[in-house]
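S.K.: Here it is: the structure, laid out below.
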Amino acid sequence: MTSAPDAAQRRRDLARLRRVRDRIDREYAQPLDVEALARGVHLSAGHLSREFRRAYGESPYSYLMTRRIERAMALLRRGDLGVTEVCFAVGCSSLGTFSTRFTELVGVPPSVYRRAATEATVGLLPCVARQVARPVRNREAAPVVPALA
């Protein structure tokens, strides 16, 4: 059985983790790393990583990259920015890392996604296009990729 102080500490830890997640959601385009996130909530980087993974099922870095890729997908669907511009706009500093992570999450490289998404979402309402093209986190299901002609 959990004592009252342990339960209270767990609630405080979860509140810290929510603050970290909210900061990632807000500042995904800023240069964030686990050490900086941990300092912001007065935890060690290792402890933050372990607790974040336990609470949300993935590391803070993985969550950050998923947020960046989601935003990149939206920018690529617009079609007015190139892959390199999108990479830097979402806060990635390496085009190679961006492309690799994008391909892992979405299933196709960003350049292929950009071509296919602009063709596949023509005529769809923006809210429907966002829902259809949303990335799948943690490989929960096969990603929906528009068919290439």
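S.K.: Please work out, to two decimal places, the log10 of the ratio I(q)/I(0) at q = 0.16 Å⁻¹ from a Debye calculation in which every Cα of segment 75-128 carries one identical scatterer.
M.R.: The Cα Debye sum returns log10 ratios of -0.47.
S.K.: Moving on to the next point. Going toward the positive end of the dipole of segment 4-61, with +1 on Lys and Arg Cβ and -1 on Asp and Glu Cβ, which of Val34, Val20, Pro5 do you reach last?
M.R.: Among Val34, Val20, Pro5, the one farthest towards the positive end of the dipole of segment 4-61 is Pro5.
S.K.: I'm a student and want to see the number: the projected area of the Cα convex hull of segment 15-135, averaged over all directions, in nm². Present the calculation step by step, with values, prior to reporting the outcome.
M.R.: Details: hull surface 30.2 nm².
Hull-based average projected area comes out at 7.6 nm².
No value in this document is a laboratory result; all are computed from the given coordinates. For clarity, every value in this text was computed on a predicted model and none was experimentally measured. Heads up, the Cβs are rebuilt from the backbone with ideal geometry, glycines too, and the neighbour counts pull from every protein chain shown.
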